[in-house]
Amino acid sequence: MSTEKIDIRTLSKLELRTFFEENGDQSFRGNQVYEWLWNKGAHRFEDMTNLSKEMRNVLQEHFVINHIEVDRMQKSTDGTIKNAVRLHDGLIVESVLIPTKSRTTACVSSQVGCSLDCTFCATARLKKMRNLNPDEIFDQVVAIDKESRLYHNRPLSNIVFMGMGEPLMNYKNVIRSIEMITSEEGLGMSPKRITLSTSGVPKMIKKMADDKVKFNLAVSLHSAIQETRERLMPFAKSMDLDDLLDSLRYWFDKTNKRVTYEYVVWDGINDSMDHINALVKFCKQVPCKVNIIEYNQIDDPGFKQANDKAIADYIQVLEKNRIPVTVRRSRGKDIDAACGQLANKS
Ligand code: SAH
């Protein structure tokens with residue numbers, strides 16, 4: 001017989017209720033434990049003070065609470081905090097707290113490493129080791145919420161799935177984590193304050209639309225010209241722009257939510273007029289906005305941030321065509337916490 005204990009956070013509320021019934025207690029105890037786990041973020045049975053000592057011991061005999069540990073915290077001069085987070089099996093992922101005047105955003109990881117191959121991203125160079133479990137994503141949010149309260153005197157307000165990994169390649173666990181982050185018995189955060197960023201997996205974008213998710217969608221577009229996009233994101237050979245557009249149309253029809261396109265402009269790669277025009281044409285197909293993000297240098301001389309004139313051209317042409325556009329400055333660069341820099345360097 002295996003003596004390995006079960007991670008209690010893999011159990012549903014119903015399963016917990018049943019466990020108590022079968023162990024000579026009342027089923028509502030299951031609700032109490034569920035609340036300790038997903039609302040109060042408890043990591044130890046002994047903290048569950050409304051259970052009897054005997055019952056806590058019974059739990060201890062049957063279950064473990066696998067949880068993350070913030071292994072190392074780095075603070076940027078701009079207030080950004082990067083956590084290197086150790087998982088129960090010793091693997092490490094990173095998450096980032098990004099403060100602005102009005103909000104604190106958590107940038108969380110969904111995989112150890114990444115299953116995709118974007119040529120400009122440091123995380124893509126790490127082999128994908130495994131998917132994160134729902135509780136491992138949840139714990140990153142709880143850890144950043146604590147840090148936000150401690151260092152910025154306010155709770156976490158927003159979450160972006162823009163850390164390590166491709167969330168749509170770990171769909172089930174990401175959705176479950178969001179359920180626990182947003183539900184009233186969990187952290188009770190509004191899904192409107194959550195954004196999932198995908199490199200663009202059409203089949204899964206349609207699935208999200210069918211599932212009627214309530215959070216926001218961002219797509220890392222970077223080029224509306226197939227040939228260029230394939231160069232930047234080789235996986236896009238098998239998930240081309242037509243399929244992507246088709247899935248985004250489907251997304252908008254079902255959810256009525258505008259997508260955000262994330263877009264880096266690189267010198268000599270996508271900084272010319274034909275790229276700008278292709279983007280405008282793409283943007284006119286489905287209601288959207290464009291977020292131009294600054295390139296964060298990784299050690300590849302083939303990629304360089306385009307000059308200010310190219311960015312200004314993009315903005316001017318997009319605005320002329322009434323396509324909302326924002327420019328996002330990088331945060332936490334001094335600690336390698338910016339987009340595409342998460343690579344477990346330490
Ligand atoms: N896999 C998801 C989420 C993680 S990446 C996705 O691709 O969207 C988060 C964002 O950072 C994406 O828009 C990605 O294209 C961008 N990114 C990756 N490397 C970058 C770099 N070196 N500089 C700037 N942005 C980068």
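Among the residues of segment 254-274, count how many are buried (at least 18 other Cβ atoms within 10 Å of the Cβ) and more than 16 Å from the ligand (Cβ to nearest atom). So that I can check it myself, show each step before the final result.
Our first condition is that a residue be buried (at least 18 other Cβ atoms within 10 Å of the Cβ); within segment 254-274, this holds for 255, 259-266, 269-271.
Next, from what is left, pick out any that are more than 16 Å from the ligand (Cβ to nearest atom): 255.
Total meeting the criteria: 1.
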- Query: Has segment 317-324 got any residue that is over 27 Å from Gln74 (Cβ atoms) and among the β-branched types (Val, Ile, Thr)?
  - Reply: yes
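Does Glu230 satisfy the condition of being surrounded by fewer than 19 Cβ atoms within 10 Å (Cβ to Cβ), farther than 18 Å from Thr198 by Cβ, free of Cβ contacts under 8 Å to residues at least 40 places away in the same chain and among the acidic types (Asp, Glu)?
Numbers: surrounded by fewer than 19 Cβ atoms within 10 Å (Cβ to Cβ): yes; farther than 18 Å from Thr198 by Cβ: no; free of Cβ contacts under 8 Å to residues at least 40 places away in the same chain: yes; among the acidic types (Asp, Glu): yes.
It is false that Glu230 is surrounded by fewer than 19 Cβ atoms within 10 Å (Cβ to Cβ), farther than 18 Å from Thr198 by Cβ, free of Cβ contacts under 8 Å to residues at least 40 places away in the same chain and among the acidic types (Asp, Glu).
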- Query: Could you list, in sequence order, the residues of segment 75-100 that are of a type in the set (Asp, Glu) and either outside the structural domain of Arg331 (by TED's automatic domain parsing) or not in a strand (DSSP E or B) (or both)?
  - Reply: Asp78, Asp89
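Return yes when Asp271 is modelled with pLDDT of 95 or more and in a loop (DSSP other than H, G, I, E, B) and no when it is not. Let's see the steps before the verdict.
Working: modelled with pLDDT of 95 or more: yes; in a loop (DSSP other than H, G, I, E, B): yes.
Spelling it out, Asp271 is indeed modelled with pLDDT of 95 or more and in a loop (DSSP other than H, G, I, E, B).
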- Given the conditions (1) surrounded by 14 or more Cβ atoms within 10 Å (Cβ to Cβ); (2) on the phi < 0 side of the Ramachandran plot, and given that Leu14 satisfies all but one, which numbered condition is not satisfied? (1)
- Of these, Asp253, Asp243, Asp271, which one is within 17 Å of Ser199 (Cβ to Cβ) and charged (D, E, K, R)? Asp243
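Go through segment 84-126 and count every residue that is away from the ligand (no atom under 15 Å from the Cβ), more than 14 Å from Cys339 (Cα to Cα) and either modelled with pLDDT under 95 or in contact with a strand residue (DSSP E or B) (Cβ under 9 Å, 6 or more places away or on another chain) (or both). Spell out the reasoning first.
In the first step, residues of segment 84-126 are kept if they are away from the ligand (no atom under 15 Å from the Cβ); the result is 84-92, 97, 99-104.
From the residues that got through so far, the ones that are more than 14 Å from Cys339 (Cα to Cα) too are 84-92, 99-104.
Imposing the further condition that a residue be either modelled with pLDDT under 95 or in contact with a strand residue (DSSP E or B) (Cβ under 9 Å, 6 or more places away or on another chain) (or both) reduces the set to 84-89, 91-92, 99-104.
The qualifying residues number 14.
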- Message: Could you tell me how many of the residues in segment 289-342 are part of a loop (DSSP other than H, G, I, E, B), in contact (Cβ under 8 Å) with a residue 60 or more places away in the chain and within 10 Å of the ligand (Cβ to nearest atom)?
- Response: 8
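Name the residue that is surrounded by the fewest Cβ atoms within 10 Å (Cβ to Cβ), counting only residues in segment 169-183 that are out of contact with any Phe, Trp or Tyr (no Cβ under 6 Å at 6 or more places or on another chain) and not aliphatic (A, V, I, L, M).
Lys172
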- Quick one: would you say His43 is at pLDDT 95 or above, assigned by TED's automatic domain parsing to the domain that holds Asp139 and part of a loop (DSSP other than H, G, I, E, B)? no
- Query: Is there a residue in segment 75-83 that is touching a strand residue (DSSP E or B) at 6+ places or on another chain (Cβ under 9 Å), surrounded by 16 or more Cβ atoms within 10 Å (Cβ to Cβ) and closer than 18 Å to Gly165 by Cα?
  - Reply: yes
- Query: Where residues in segment 127-159 are within 16 Å of the ligand (Cβ to nearest atom) and more than 18 Å from Ile68 (Cβ to Cβ), which of them is modelled with the highest pLDDT?
  - Reply: Asn158
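Looking at Lys304, Lys289, Lys345, Lys281, which is the one that is of a type in the set (Lys, Arg) and outside the structural domain of Met73 (by TED's automatic domain parsing)? Give the steps one after another, and end with the answer.
Numbers: Lys304 fails: outside the structural domain of Met73 (by TED's automatic domain parsing); Lys289 fails: outside the structural domain of Met73 (by TED's automatic domain parsing); Lys281 fails: outside the structural domain of Met73 (by TED's automatic domain parsing).
Selected residue: Lys345, the only one of Lys304, Lys289, Lys345, Lys281 that is of a type in the set (Lys, Arg) and outside the structural domain of Met73 (by TED's automatic domain parsing).
The values are calculated or read from the model by the stated rules, or taken from the named source; none is laboratory data. It should be emphasised that the depicted structure is a prediction, and the values quoted were computed from it without experimental measurement. Note: ideal-geometry Cβ built from the backbone for every residue, glycine included; neighbour counts use all protein chains shown.
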